[in-house]
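Following: one structure in structure tokens, then a few remarks.
The values are calculated or read from the model by the stated rules, or taken from the named source; none is laboratory data. Owing to the predicted nature of the structure, the values given are computational and were not obtained by experimental measurement. Heads up, the Cβs are rebuilt from the backbone with ideal geometry, glycines too, and the neighbour counts pull from every protein chain shown. Remember, those area values only see protein heavy atoms, side chains included, never the ligands or the DNA or RNA. Shrake-Rupley method; radii C 1.70, N 1.55, O 1.52, S 1.80 Å.
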Amino acid sequence: MNNTDKLNYKGIMIDEKLFELIKYMESVEYYRENLSNLSKSWDNLTIMGHLGNSNIDMESTKKSFSTLTDKLLNHLATETLKKTVREMTAKAQIAVDIVIRNLFERTADIGFLATDDDIRYFLQNTVSRFDPSYEENLKHMKKSFEEYVSKYSVYFDIVLMDQQGNVLVNLDDSLDLAKSNDEIIDLVLNTSEEYIETYKYHDFTPQYNKTLVYSYKVTKTNEDKDDVIGILSLCFRFTDEMKGIFGDLVNEQNQECITLLDKTGTVIASSDKYHVPLGAKLELVKNEIYKVISFGGRYYLAKTCSTNGYQDFMGLGWYGHIMVPLEYAFLQDQGEDISIDDNVLQAILQYGENFSQELKEIPLRAEEIQHNLNRAVWNGNIAQSKNQSADKNFSRVLLNEVSKTGENTKNIFNSSIINLTKTIILNDTVSIASLMIDIMDRNLYERANDCRWWALTSEFRSILDNKELNYEHVDKLSSILKYINNLYTVYTNLFIYDKNGVIIAVSNEDEKLVIGKKLDNLWVEKTLKINDSSKYCVSDFEKTDLYNNRHTYIYNSSIKSLKDENTIVGGIGIVFDSEVEFDAMINESLPRYVTGEIKKGVFGVLASKDKTVIASSSKDYKTGDVFALDDKYFELKNGESLSQIITLNGKYYALGVKCSSGYREYKSSKDDYENDLYSFFFSYISESDIKVDFNEDKTLNHMDTVLDDEDCEDCAEVATFFIGQKYLGVHASNVLEAVSVKELESSITLNDNHYFKGSVVHKQKVVSVIDIGQFIQEQHSSEYTDIIIVNFDKNNPEQCVGILIDDLSGIVDVKLDKIKPIENHLISGGALIESIVALEKDHFDNKLLTLLNIQKLKDELTE
């Protein structure tokens, strides 16, 4: 981006689109303030450098860090904004899609209930409220409706009218409703659709300003164009439903408000009606990624999402909408467990696929700047060791401060990059896992409802009351089951069994062979003991020949005698099409590209508490397999979630996991059924065998180390460095300078095993460069970084050699009596290692400081 697209924000050049937002980003501000303070320290050190003789271009170092600071803070702010917008978009999308998915089930409910034989019987035998038999029929009809509402608890009322709008049945006894003049009467009577969906004021629910109602006509039979005998309406608990959805989504910490808007942008549901009231008209933010809007004298970050619909059902054109006050929009999440080494995170940044090249270069550039600074400080200390002027000590202190300031600057860069990497990696893993498990809970809630309601079908009860069943009975049962199954396609088969567990009827023609089979499963035994119509029984998730020897759940409810409700005459089993439905739940939850394709490198898994895979979008995990993840994920309590970075099959993944919490009364304290399920969302980061080469910079931590007291008259100044893990040194008086390994001109005449590696030009002189690793019995895994040019004869600067090293360390004062000669470390008949320093203090985890024999180095390796 050109500078013309940037604005100056407190000394930092910030992208124009971030300018009005960055001041609200506390984490970005934290790093900006720290880097700003360090910039002032560089200014002070530059001034002090003019007083001493450090010979370091601190102005250049500061400029390099400043340029990198601009890039870093822009990336931090951009990714912080992206993270917030991703979370906002996900919540707005989920808010509308979850409710639309729920309402899709309602369209099936009204279509099926309108064909209920008990309702037809009531309408055909009730001319008006004044019929002699009305009260008795009403009592029976109300009981049936109460049973329905107790099972499908998403409804608060059921209203049954004749075709003139006369209200014959409603559940709310506090309302004395005689006749409705609502417009839905004409809509229902004249529609060719399978239902009428309305959200408005309805005169048959006068206690509410607006209600969501599903209505349809009741006809004499299921034949097309048969006579209409009544109008049925299901009144949905809309406010209650949205309260539950909002409760799962809203983060109270950031003061966000999630709303549902109608197609005009009017608020019809709000997570906080005192914050954003019902009826308020909001600006739609559909086409923009986000927008800053003003509402009620306050600025918000806002996003609007249209529904994706469900199986072509789009509802009434509603939108999910979220608003987060700017001052709370970018709060940091707490409690995210990364459980991975910071060095590995830095390596992941370099090798991961979700990071831009410019972002990857920031820590590498910071490392390079700092290493160059370390070398300059090291060379400055070498120069000061030979300086006998009065400002020698001042210059050495100044150099130490330069090193510390550089260290602090690089540490802030590293810290910010690590946090940025976490932000990008973890993304919205928990949100996706939550969506997956929420869809599943809501779906299975419907299955529990279906089996209980269908068990109350009068025809089933009446037929099973017969001591012996004939072909007519079986055909009738199968016909009803088939009709139901055609409406509810999430089942592969519905079947009825008698009180002995023998299957007597099926919905699926292809499953007729199971008729006559006696079921000896535990779930059948339990079902036939259920005497409470609110209870149901579910099989374990297991293979069954009722599902072509595949894994599934079978939901069951007992069927009571129509003559005696205390007598169980059989049961109904409904075979959930788990393979299709669970796969759909996972795939509909996974993030997608704008093209609609599922993003590369992501997959989801649903698993039970005993680690059985229920469904997976990855071919590596088959249904019924054991999902061998750590026990801690399966110890999460209902509703708990976790976000981590893990290693799986040789790859790093960002993982989001959540334990199911049920829906409404399903799998709640009101329900006997316990079956904790877990959703896992995986997002690929990188291979796990990546090279971790962000080693500790020993120069930064030990540049100012002095092994003995500062008052050191009988001391030797030693220039220290590392080759591999060996801590080595030479007398500072023998060192001319350290230069970058980049200046090495490699040899092309010798093999790789030869210690001569090439040459460098130092002060217009060609200097041979050698690798002494093999002679000190030390191997190193990383590439060399520097070359120390060692002078063999102080009086003859021509006699010198370059030694390849891994890391520079400090210039230290060592008392002469601490230097102990050592013998018998031989190469070519001579001692390369001259002596060791007896350390009294903890130093590099008790590593020995070993001094090289410069003379033998000259005699054996350079001549």
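Worth pointing out:
- Scanning region 251-298 for residues that are among the polar types (S, T, N, Q), over 21 Å from Lys200 (Cα atoms) and over 27 Å from the mean Cα position of the chain (by Cα) returns a single hit, Ser294.
- Taking first residues from region 452-468 that are among the hydrophobic types (A, V, I, L, M, F, W, C) and partners that are part of a helix (DSSP H, G or I), the Cβ contacts under 7 Å between residues at least 6 apart in sequence or on separate chains come to Trp453/Tyr148; Trp453/Lys151; Trp454/Ile484; Leu456/Glu147; Phe460/Leu477; Ile463/His473; Ile463/Lys476; Ile463/Leu477.
- Residues in region 63-73 that are in contact with a helix residue (DSSP H, G or I) (Cβ under 8 Å, 6 or more places away or on another chain) and surrounded by fewer than 23 Cβ atoms within 10 Å (Cβ to Cβ): Ser64, Ser66, Leu68, Lys71.
- In this structure, Gly309 does not satisfy being free of Cβ contacts under 8 Å to residues at least 40 places away in the same chain and out of contact with any strand residue (DSSP E or B) (no Cβ under 9 Å at 6 or more places or on another chain).
- The selection criterion, being open to solvent by 30 Å² or more (accessible area, probe 1.4 Å) and closer than 24 Å to Thr264 by Cα, does not hold for Asp186.
- Hits in region 511-544 - residues which are open to solvent by 40 Å² or more (accessible area, probe 1.4 Å), modelled with pLDDT of 95 or more and in a helix (DSSP H, G or I): Leu522, Glu525, Lys526
- Taking region 72-117 as the range and being part of a helix (DSSP H, G or I) and more than 26 Å from the chain's Cα centre (by Cα) as the test, the residues that pass are Leu103, Phe104, Glu105, Arg106, Thr107, Ala108, Asp109, Ile110, Gly111, Phe112, Leu113, Asp117.
- Test: residue in region 313-320 that is under 23 Å from the mean Cα position of the chain (by Cα) and touching a residue at least 40 places away in the same chain (Cβ under 8 Å): yes
- Any chance Ile322 is over 25 Å from Lys62 (Cβ atoms), modelled with pLDDT of 90 or more and β-branched (Val, Ile, Thr): yes
- Of the residues examined, Asn379 is one that is farther than 30 Å from Asn254 by Cβ, buried (at least 19 other Cβ atoms within 10 Å of the Cβ) and either at pLDDT below 75 or out of contact with any helix residue (DSSP H, G or I) (no Cβ under 8 Å at 6 or more places or on another chain) (or both).
Quick grid of which residues meet (1) touching a residue at least 40 places away in the same chain (Cβ under 8 Å); (2) assigned to a helix (DSSP H, G or I); (3) open to solvent by less than 100 Å² (accessible area, probe 1.4 Å); (4) hydroxyl-bearing (Ser, Thr, Tyr):
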{"site": "Asp131", "(1), (2), (3), (4)": "no, no, yes, no"}
{"site": "Leu138", "(1), (2), (3), (4)": "no, yes, yes, no"}
{"site": "Lys142", "(1), (2), (3), (4)": "no, yes, yes, no"}
{"site": "Val159", "(1), (2), (3), (4)": "yes, no, yes, no"}
{"site": "Asp176", "(1), (2), (3), (4)": "no, no, no, no"}
{"site": "Asp182", "(1), (2), (3), (4)": "no, no, yes, no"}
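- In region 418-453, the residues that are modelled with pLDDT under 90, over 13 Å from the mean Cα position of the chain (by Cα) and either surrounded by 24 or more Cβ atoms within 10 Å (Cβ to Cβ) or of a type in the set (Ser, Thr, Tyr) (or both): Leu420, Thr421
- Hits in region 645-674 - residues which are part of a strand (DSSP E or B), of a type in the set (Lys, Arg) and within 26 Å of Gly247 (Cβ to Cβ): Lys658
- Subset of region 700-725 [at pLDDT 85 or above and open to solvent by 20 Å² or more (accessible area, probe 1.4 Å)]: Glu717
- Residue check for Asn466: at pLDDT below 95 and not in a helix (DSSP H, G or I): yes
- Among the residues of region 30-41, just one is farther than 16 Å from Lys404 by Cα and open to solvent by less than 20 Å² (accessible area, probe 1.4 Å), namely Tyr31.
- Between Ser395, Ser403, the distinction of being within 22 Å of Lys40 (Cα to Cα) and either at pLDDT 75 or above or part of a loop (DSSP other than H, G, I, E, B) (or both) belongs to Ser403 only.
- Only residues that are in contact with a strand residue (DSSP E or B) (Cβ under 6 Å, 6 or more places away or on another chain), over 17 Å from Leu857 (Cβ atoms) and at pLDDT below 85 were counted in region 748-788, giving 1.
- If only residues of region 756-796 that are touching a Ser or Thr at 6+ places or on another chain (Cβ under 9 Å) and part of a loop (DSSP other than H, G, I, E, B) are counted, the one that is most open to solvent (accessible area, probe 1.4 Å) is Lys794.
- If only residues of region 650-681 that are among the charged types (D, E, K, R) and over 26 Å from the mean Cα position of the chain (by Cα) are counted, the one that is surrounded by the fewest Cβ atoms within 10 Å (Cβ to Cβ) is Glu674.
- Count of region 540-576 residues which are within 17 Å of Trp454 (Cβ to Cβ) and free of Cβ contacts under 8 Å to residues at least 40 places away in the same chain: 2
- Residue in region 500-510 that is modelled with pLDDT under 95, surrounded by fewer than 22 Cβ atoms within 10 Å (Cβ to Cβ) and under 16 Å from Ala455 (Cβ atoms) present: no
- Residues that are open to solvent by less than 30 Å² (accessible area, probe 1.4 Å) and touching a Leu at 6+ places or on another chain (Cβ under 9 Å), drawn from region 1-29: Tyr9, Ile12, Ile14, Asp15, Leu18, Leu21, Ile22, Met25, Ser27, Val28
- Options Val605, Val613: the member that is crowded, with 19+ Cβ neighbours inside 10 Å, in contact with a Gly (Cβ under 9 Å, 6 or more places away or on another chain) and not aromatic (Phe, Trp, Tyr): Val613
- Top-ranked residue in region 609-644 [being in contact with a strand residue (DSSP E or B) (Cβ under 6 Å, 6 or more places away or on another chain) and part of a strand (DSSP E or B); ranked as nearest to Glu581 (Cα to Cα)]: Ala615
- Residues of region 80-101 that are surrounded by 21 or more Cβ atoms within 10 Å (Cβ to Cβ) and out of contact with any strand residue (DSSP E or B) (no Cβ under 8 Å at 6 or more places or on another chain): Thr80, Leu81, Glu87, Ala90, Ile98.
- The residues of region 510-529 that are free of Cβ contacts under 8 Å to residues at least 24 places away in the same chain and under 21 Å from Glu581 (Cα atoms) amount to a single one, Asp510.
Yes/no per residue for (1) at pLDDT 85 or above; (2) assigned to a loop (DSSP other than H, G, I, E, B); (3) farther than 29 Å from Val766 by Cα:
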{"position": "Leu804", "(1), (2), (3)": "yes, no, no"}
{"position": "Leu808", "(1), (2), (3)": "yes, no, no"}
{"position": "Glu823", "(1), (2), (3)": "no, yes, yes"}
{"position": "Ile836", "(1), (2), (3)": "no, no, yes"}
{"position": "Leu839", "(1), (2), (3)": "no, yes, yes"}
{"position": "Phe844", "(1), (2), (3)": "no, yes, yes"}
